[in-house]
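This report concerns only the one structure given below.
The values are calculated or read from the model by the stated rules, or taken from the named source; none is laboratory data. Treat the numbers as computed from the prediction; the structure is a model and nothing was measured. Counting neighbours? That spans all protein chains shown, and the Cβs are built from the backbone with ideal geometry, glycine included. We work out accessible area using only protein heavy atoms, side chains counted, and drop any ligands, DNA or RNA first. Shrake-Rupley method; radii C 1.70, N 1.55, O 1.52, S 1.80 Å.
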Amino acid sequence: MPSTPTTTSSHPLTGREVVLRHGAYTASVVTLGASLRSLEHDGRPLVVAFHADRMRPAYRGTLLAPWPNRVVDGRYTFDGEDQQLPLTEPERGHALHGLLVWADWQVTALAEDSVTLTAELAPSAGYPHRLVVEGTYALDDDGLTTTVTARSLSGRAPYGTSAHPYLTAGGASLDATVLTLPADRYVETAGERLLPAGERDVTDAPWPDFRTPTAIGDAMVDHAFTGLARAADGRARVRLEAPDGFAVEMTWGPELGWVQVHTADRPEPELNRVGLAVEPMTCPPDAFSTGEDVVVLDGVQEHTASWTISAG
């Protein structure tokens with residue numbers, strides 16, 4: 001009797017990997033969640049990388065759509081219709097980070113220094129809309145710019161977007177790095193479920209005022225911020241600097257009025273405080289429920305948001 005052949009999958013868990021290069025910058029993007037797997041400048045990391053053939057940890061590097069952050073209890077109302085999303089954060093009972101973080105996006109354009117990935121989101125329980133979302137990663141002298149564009153194929157649809165990179169200043173200890181976060185207000189959270197509990201002045205927060213450069217130390221942050229100071233061109237800027245002066249910066253435009261910042265406090269030693277999650281967002285936590293800053297795609301106009309990560 002002939003033996004049964006065995007096969008080994010040649011497909012990494014995170015999908016197809018694309019490596020981009022420009023000058024001193026190198027980036028790696030994978031198709032699972034259109035995720036930024038790595039970004040380096042002269043060999044020093046600007047984001048915390050992950051392995052291509054292991055489960056991507058803690059949403060690291062993924063694009064978030066059609067909503068960022070949490071929808072409390074997964075419930076919201078849009079155009080008079082009550083909706084119930086699947087609870088993808090079961091320990092807290094929320095719908096977390098949209099519907100495309102585990103999708104395998106398709107590479108639709110590729111060059112040495114840029115790649116575009118596209119996903120078509122089919123209607124599903126709690127989100128009965130069809131969208132096309134494109135994410136483009138492009139390297140140039142200013143760093144890595146990510147641009148997310150969405151359009152509805154089925155009329156009116158609520159929408160928001162963000163990203164989930166964990167910044168690192170060349171791999172330096174998070175506690176020893178200096179953070180500049182130019183935000184006047186933050187969203188307080190209540191209880192273990194992290195329920196949004198209203199905006200507060202950052203001077204009321206239980207951590208230092210990071211509007212001026214301050215060492216992170218043992219500060220524990222997992223909050224949304226707004227009231228962002230912006231340069232003349234309308235861009236906000238977060239900076240993380242290592243003790244040796246090497247720094248990473250993330251900037252974004254006025255279409256992103258919020259940013260979630262998380263010091264990555266985790267029970268797993270290999271994930272704990274490995275970097276600083278900086279997630280510029282079009283809308284705050286639970287926006288689908290409150291309606292605050294929710295984008296309504298109307299089947300005609302596209303929505304575009306972009307951000308840049310660079311060596312500072």
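Below are the figures for this structure:
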item	result
Residue tally, condition more than 23 Å from the chain's Cα centre (by Cα) and in contact (Cβ under 8 Å) with a residue 60 or more places away in the chain, over segment 180-198	0
Condition check for D184: of a type outside the set (F, W, Y), open to solvent by less than 60 Å² (accessible area, probe 1.4 Å) and touching a Ser or Thr at 6+ places or on another chain (Cβ under 9 Å)	no
Members of segment 194-212 found to be of a type outside the set (D, E, K, R) and more than 18 Å from A287 (Cβ to Cβ), listed by number	V202, T203, A205, P206, W207, P208, F210, T212
Residues being more than 21 Å from A229 (Cα to Cα) and not small (G, A, S) - total across segment 185-205	6
E192 open to solvent by 50 Å² or more (accessible area, probe 1.4 Å) and modelled with pLDDT under 95	yes
Failed criterion for P206 (all others in (1) exposed (fewer than 15 other Cβ atoms within 10 Å of the Cβ); (2) over 25 Å from W67 (Cα atoms); (3) touching a residue at least 60 places away in the same chain (Cβ under 8 Å) hold)	(3)
The lone exception for S154 - which of (1) buried (at least 19 other Cβ atoms within 10 Å of the Cβ); (2) within 30 Å of V296 (Cβ to Cβ) it fails	(1)
Strands (runs of 3 or more DSSP E) within segment 1-105 that include 1 or more residues touching a Gly at 6+ places or on another chain (Cβ under 6 Å) and either within 17 Å of A277 (Cβ to Cβ) or not aromatic (F, W, Y) (or both)	25-30, 35-41, 81-84, 94-96
Selection status of G312, at pLDDT 95 or above, of a type in the set (G, A, S) and open to solvent by 30 Å² or more (accessible area, probe 1.4 Å)	no
Residue within segment 285-297 that is at pLDDT 95 or above, under 27 Å from Y25 (Cβ atoms) and open to solvent by less than 10 Å² (accessible area, probe 1.4 Å) present	no
Matching residues, segment 76-87, being surrounded by fewer than 17 Cβ atoms within 10 Å (Cβ to Cβ) and either at pLDDT below 95 or in contact with a Phe, Trp or Tyr (Cβ under 9 Å, 6 or more places away or on another chain) (or both)	T77, D82, Q84
Cross-chain or 6+ apart pairs with Cβ under 6 Å, segment 16-30 first and within 16 Å of T116 (Cα to Cα) and open to solvent by less than 20 Å² (accessible area, probe 1.4 Å), then modelled with pLDDT under 95 and among the polar types (S, T, N, Q)	none
Set W105, W67: member being buried (at least 21 other Cβ atoms within 10 Å of the Cβ), touching a residue at least 40 places away in the same chain (Cβ under 8 Å) and either within 21 Å of L20 (Cβ to Cβ) or charged (D, E, K, R) (or both)	W105
Selected residue (only one of D218, D201 is free of Cβ contacts under 8 Å to residues at least 60 places away in the same chain, surrounded by fewer than 19 Cβ atoms within 10 Å (Cβ to Cβ) and within 30 Å of G74 (Cα to Cα))	D201
Sole residue being touching a Phe, Trp or Tyr at 6+ places or on another chain (Cβ under 8 Å), open to solvent by 10 Å² or more (accessible area, probe 1.4 Å) and modelled with pLDDT of 95 or more, chosen from G143, G170, G93	G170
Matching residues, segment 271-284, being open to solvent by 30 Å² or more (accessible area, probe 1.4 Å) and touching a residue at least 40 places away in the same chain (Cβ under 8 Å)	R273, V274
